[in-house]
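K.L.:
Please see the structure below; I have some questions.
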Amino acid sequence: MTDAPFSAEQQEYLKGFMAGVEARRGSLLPATDPGAPPDALRAAQDATLARGGKLVPQEEAKRERHPLDRWDEMTGRAAAGRFPKPMEDFIGRYHGLFFVGPAQNAFMCRLRIPGGILSAAQLDGIAGIAEDCAGGYADVTTRANLQLREIPADKGVEVVERLADLGIVPRGTGADNIRNITASPTAGIDARELVDTRPLVRALHHHILNTRDLFALPRKFNIAVSGGGAVEVLGETNDISLRAVETPAGLRYRLTLGGITGHRDFARPTGVVVRPEEAVRVCDAILRVFIAEGDRTDRKKARLKYVLDRMGIEAFLGLVEQRLGFALERVEEAALRPAPPPAKHGHLGIHAQKQPGLRYIGLVTPVGRLTAAQLRGIADLARRFGSGTIRLTVWQNLLVSDIPDAAIGAACAAIEALGLGWQASNIRGGLVACTGAAGCKFAASHTKQHAAALADFLDVRIAVDAPVNIHLTGCHHSCAQHYIADIGLLGAKVERGEELVEGYDLHVGGGAGPEQKIGRLVLPKVAADALNETVLALLRAWMQGRTPGESFQHFTARHGDAAIAAMARVTEDAA
């Protein structure tokens, strides 16, 4: 034996040996299957380190122990009645639980409802969980999903377990994962649609849940599938958008990539169309390229958009084709025949289905929030008058489908008895609000409360005769997608004397679908108590100054920022 230090050559040998051990450890190769593919998470992290990069703390936490292997840590905290520390909270989001302190000393649970379609039995079960384990209500989200809030520390695991008993698995609804798949809410019942998207959504949903490598993303990821129905899905706000089109060779999905409107970018055209039977494989290959190429050293640059910015679309698609082992199909845009554009507020009201004698009703929800009693009532009327099917939309509302013509009157009476409706003004019909400061630590303003007050204020003062979308979002994460609204309101703190009060930065001119456009900031720092008068002044200027039939978006597009700001500006005295 000798105590002499290792030579430089010996040190290099040991470094290589330990790197091999680490790679072996990370690859998770079972001894009985030496040809199994390596673990995607560890492989991507190893590649970052090999390039000299430094992993962000979230990547280090995932590297220490895979988030899907940490259920025992969550049950241990629940048994102790303890909320997670920050990095524990990040890991817990892999199972759908978010600690939302200091806004609320509670968990939020984001569900996973593929395509937004669920049964009356599931909605009944959600109502029971809301009452037993949460705040007694659920919020409809802008991803055609539901959230439960005000969950105590010792009830978080119970919520996840009881949801799973209902067939709702919230795995991957937070942190660096693929979020709930949005799709046409009228799939299978819409006479306008080109294809029923439900089989594809179901297949993609289960592929994601059951493919461990797809929980290896460097950042969150959104997927939307549109079959061409009457209700807008906001596909181009997603990382992957598949929109049904007719081509000379038959039905395909038009592929666009990299949408992230909170970063002022829509999904960009690729020139690629995808056969329905190949869509799951193509999505899988795109995700695997993102896993390998995404940034793990800077969370602000880790979304797919930034991979595309760095590589370009064609280089990225080349790597996708390598993964697939075949060339992607390309068709000129001019040869594509999409479905007719959706109605701007087509998510509300009574509509005929393609099945003769049946209709669906789009219910109005008060800025997306429903009590447990209302959830149960909706489940009951869906069973009594329809097929027991409820369909959530990205507009924070829901549809009840398969109602016979003869039962429409009774169904509408049942909706009214719940304190809900199916008709809305052109202001309320496009009103969207995130959780806001009441339940989110990032939010600068109480968006839901301000949205409700704004609608009440406007409806008795102005009759708007064309649909207008007004979105209130509490922070830069833009959960309510303020950049794609006619009037987009981003929460801000406003100086008033020596105090900071709640307020908003006012944007105009955004749109989605056929009106696709990023809104522009025209009036920053509008105090919340001046908001109602400010929006009223802007809507009055539009109604009085528009050309015949001119939309709000077109009206604002032909006026400069200073002119729009002057139309909207209200003095403190007027407020």
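The values are calculated or read from the model by the stated rules, or taken from the named source; none is laboratory data. Predicted model only: the values in this text are computed from it and were never measured. Cβ: placed from backbone, ideal geometry, glycine included. Neighbour counts: every protein chain shown. When the accessible area is computed, the model is the full protein with side chains, heavy atoms only, and any ligands, DNA or RNA have been set aside. Shrake-Rupley method; radii C 1.70, N 1.55, O 1.52, S 1.80 Å.
K.L.:
Test each condition in (1) open to solvent by 30 Å² or more (accessible area, probe 1.4 Å); (2) touching an Asp or Glu at 6+ places or on another chain (Cβ under 7 Å) for Arg384 and report the one that comes out false.
P.N.:
(2)
K.L.:
Continuing with the same structure: From Ala466, Ala444, grab the single residue that is in a loop (DSSP other than H, G, I, E, B) and in contact with a strand residue (DSSP E or B) (Cβ under 8 Å, 6 or more places away or on another chain).
P.N.:
Result: Ala444 is the single residue among Ala466, Ala444 that is in a loop (DSSP other than H, G, I, E, B) and in contact with a strand residue (DSSP E or B) (Cβ under 8 Å, 6 or more places away or on another chain).
K.L.:
Quick one: in segment 422-460, which of the residues that are over 18 Å from Asn532 (Cβ atoms) and surrounded by fewer than 18 Cβ atoms within 10 Å (Cβ to Cβ) is farthest from the chain's Cα centre (by Cα)?
P.N.:
By that ranking, first place goes to Gln423.
K.L.:
Another one. Yes or no: Thr211 out of contact with any Phe, Trp or Tyr (no Cβ under 9 Å at 6 or more places or on another chain) and either modelled with pLDDT of 95 or more or of a type in the set (Phe, Trp, Tyr) (or both)?
P.N.:
yes
K.L.:
Take the residues of segment 315-339 that are in a loop (DSSP other than H, G, I, E, B) and of a type in the set (A, V, I, L, M): which is farthest from Val231 (Cα to Cα)?
P.N.:
Checking each candidate, the answer is Ala327.
K.L.:
Which pairs turn up if I take residues in segment 170-189 that are farther than 30 Å from Ala292 by Cβ and look for partners that are open to solvent by 10 Å² or more (accessible area, probe 1.4 Å) and of a type in the set (D, E, K, R) with beta carbon separation below 6 Å, at least 6 apart in sequence or on another chain?
P.N.:
Within 6 Å, the pairs are Ala187/Asp196; Ala187/Arg198; Gly188/Asp196; Gly188/Arg198.
K.L.:
Further question on the same structure: Pick out the one residue from Glu278, Glu293, Glu321 that is buried (at least 18 other Cβ atoms within 10 Å of the Cβ) and farther than 22 Å from Gln516 by Cβ.
P.N.:
The unique qualifying residue is Glu293.
K.L.:
I've got another one for you. Only one of Leu209, Leu255 is closer than 29 Å to Lys62 by Cβ and buried (at least 23 other Cβ atoms within 10 Å of the Cβ). Can you tell me which?
P.N.:
Of the residues listed, the single one that is closer than 29 Å to Lys62 by Cβ and buried (at least 23 other Cβ atoms within 10 Å of the Cβ) is Leu255.
K.L.:
Of Val501, Val494, Val526, which residue is touching a helix residue (DSSP H, G or I) at 6+ places or on another chain (Cβ under 6 Å), part of a strand (DSSP E or B) and touching a residue at least 24 places away in the same chain (Cβ under 8 Å)?
P.N.:
Checking each option against the conditions leaves just Val526.
K.L.:
Do we have any residue at all in segment 94-112 that's among the aromatic types (Phe, Trp, Tyr), part of a helix (DSSP H, G or I) and either modelled with pLDDT of 95 or more or within 26 Å of Ile223 (Cα to Cα) (or both)?
P.N.:
yes
K.L.:
Within segment 396-409, is there a residue that is open to solvent by less than 20 Å² (accessible area, probe 1.4 Å), within 30 Å of Ala530 (Cα to Cα) and of a type outside the set (D, E, K, R)?
P.N.:
Among the residues of segment 396-409, at least one is open to solvent by less than 20 Å² (accessible area, probe 1.4 Å), within 30 Å of Ala530 (Cα to Cα) and of a type outside the set (D, E, K, R), which makes the answer yes.
K.L.:
Consider Ala183 carefully, then state whether it is within 20 Å of the chain's Cα centre (by Cα), open to solvent by less than 20 Å² (accessible area, probe 1.4 Å) and of a type in the set (Gly, Ala, Ser).
P.N.:
The answer is yes for Ala183.
K.L.:
Of the residues Ala78, Ala130, only one is part of a helix (DSSP H, G or I) and touching a strand residue (DSSP E or B) at 6+ places or on another chain (Cβ under 8 Å); which?
P.N.:
Step by step, each of Ala78, Ala130 is checked, and only Ala130 is part of a helix (DSSP H, G or I) and touching a strand residue (DSSP E or B) at 6+ places or on another chain (Cβ under 8 Å).
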